[in-house]
Each structure stands twice: as C-alpha cells, then as structure tokens.
C-alpha cells in the first residue's frame, strides 16, 4: 500500500490530466495557446497529457517510470507558463496552488523513500 502522499498525487495526476486535455482543446488556455502559436505545440500538448495519464497509472502500479513521468507532468505547468508568460507562475492563484501541491507531494520525503524501496 502506498503512502498517503503518493495516493493523493496519483489522484491529482488523473484530475490534472483531464484538465490538461480540456486545456489542449481550448485555444484560450495555456496548452491550447502553445498548440496554436508554436510549431512544437501539438507534440508538447500530447506529451503533457500522456505524462499525466501514464504517470498516474504506472505510479499506481508501483513502477519507477510512472514516478518519473509524474515528475515531468508535475513540472509541465511551470514550463507552459514560462513559455507563455516568461514566469513560472503565470495563471491564477488556484491553478498555481494545485501545481505546487502536486510537485510537493511527489517530492515529499515519504514519497521519495517509498518509491526508492518499493517501486520496480
């Protein structure tokens, strides 16, 4: 059984993955804007969505690659905001709070020690 930090991070990955998909479809949102404005936008958006979905799924099945994909997915909103706004915290306060919470849960000492010992 995984610690509470990893369980909450897994649920946040699934939830953020859904919103990343909706974000990808809407050209007014961050990933949608990147999709429309830059040549690398479509692959970038699909990679972000896949990292959220696969990171949550593989991390729930205790695979190390899932943890690393989850870390990429956790830092992807900061990268998106930096591309658009030239600062890592670009959107609303609520979005930033959830992004920071996901990264904090993944990098928590309990999460890191559990994945080092139990993930294969």
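Computed from the coordinates by the stated procedures, all read-outs in this text should not be read as laboratory data. Here the structure is a predicted model, which is why all the values come from computation and not from measurement. Every residue, glycine among them, receives a Cβ derived from its backbone with ideal geometry; neighbour counts consider all protein chains shown.
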Filter segment 69-120 down to the residues that are without any contact (Cβ under 8 Å) to a residue 24 or more places away in the chain and within 14 Å of residue 15 (Cβ to Cβ), then identify the one that is surrounded by the most Cβ atoms within 10 Å (Cβ to Cβ). 95
With respect to residue 56, determine if the residue is over 24 Å from residue 90 (Cα atoms) and out of contact with any strand residue (DSSP E or B) (no Cβ under 6 Å at 6 or more places or on another chain). yes
In segment 33-67, the residues that are surrounded by fewer than 16 Cβ atoms within 10 Å (Cβ to Cβ) and in a helix (DSSP H, G or I): 36, 37, 42, 43, 46, 47, 50, 64, 65
